[in-house]
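Colleague: Mind having a look at this structure? Questions to follow.
The values are calculated or read from the model by the stated rules, or taken from the named source; none is laboratory data. In this text, all values refer to a predicted model and were calculated from it rather than measured experimentally. Glycine gets a Cβ as well: all are built from the backbone with ideal geometry, and neighbour counts include every protein chain shown. Surface areas here come from the heavy atoms of the whole protein model, side chains and all, with no ligands, DNA or RNA. Shrake-Rupley method; radii C 1.70, N 1.55, O 1.52, S 1.80 Å.
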Amino acid sequence: MDVLRVMESLAEQGVTVLFKVDAERMRDATEPWTLVASGAPLRDDLLVRADAVSLEACLQVCLPRLREFGLVIPE
């Protein structure tokens, strides 16, 4: 999966996506990665969020949920 292409596609549809990796959570061997998506295409100021062990794991959680809202996301 081309993460940059996916992020650009979401931005073109009005979605703001933030990625975060937390050093403290990484040291604690917990889920250091966070993905938060928000914006006009999502209803009622809804946020789509995932905390996971990797960027890819965040995407595996969030992308299907974003597709449920009708967003077109490249494979």
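Colleague: For region 4-16, state whether one or more residues are open to solvent by less than 80 Å² (accessible area, probe 1.4 Å) and touching a helix residue (DSSP H, G or I) at 6+ places or on another chain (Cβ under 6 Å).
Modeller: Within region 4-16, none of the residues are open to solvent by less than 80 Å² (accessible area, probe 1.4 Å) and touching a helix residue (DSSP H, G or I) at 6+ places or on another chain (Cβ under 6 Å).
Colleague: Are any of the residues in region 56-65 more than 9 Å from the chain's Cα centre (by Cα), of a type in the set (Asp, Glu) and modelled with pLDDT of 95 or more?
Modeller: no
Colleague: Val72 versus (1) closer than 16 Å to Glu8 by Cβ; (2) among the hydrophobic types (A, V, I, L, M, F, W, C); (3) surrounded by 15 or more Cβ atoms within 10 Å (Cβ to Cβ): which is the lone unmet condition?
Modeller: With (1) closer than 16 Å to Glu8 by Cβ; (2) among the hydrophobic types (A, V, I, L, M, F, W, C); (3) surrounded by 15 or more Cβ atoms within 10 Å (Cβ to Cβ) applied to Val72, the lone miss is (3).
Colleague: Further, regarding this structure: Starting from region 10-36, keep only residues that are farther than 14 Å from Ala57 by Cβ, then list their pairs with residues that are among the small types (Gly, Ala, Ser) whose Cβ atoms are within a distance under 6 Å, requiring at least 6 positions of separation or different chains.
Modeller: Going by the 6 Å Cβ cut-off, the qualifying pairs are Gly14/Gly39; Gly14/Ala40; Val15/Ala37; Val15/Gly39; Thr16/Ser38; Thr16/Gly39; Val17/Ala37.
Colleague: Additional query: On the basis of being of a type in the set (Ser, Thr, Tyr), crowded, with 16+ Cβ neighbours inside 10 Å and outside any loop (DSSP other than H, G, I, E, B), does Thr34 make the cut?
Modeller: yes
Colleague: Also: Out of the residues in region 41-55 that are touching a residue at least 24 places away in the same chain (Cβ under 8 Å) and assigned to a helix (DSSP H, G or I), which is least open to solvent (accessible area, probe 1.4 Å)?
Modeller: Looking at residues that are touching a residue at least 24 places away in the same chain (Cβ under 8 Å) and assigned to a helix (DSSP H, G or I), I get Leu55.
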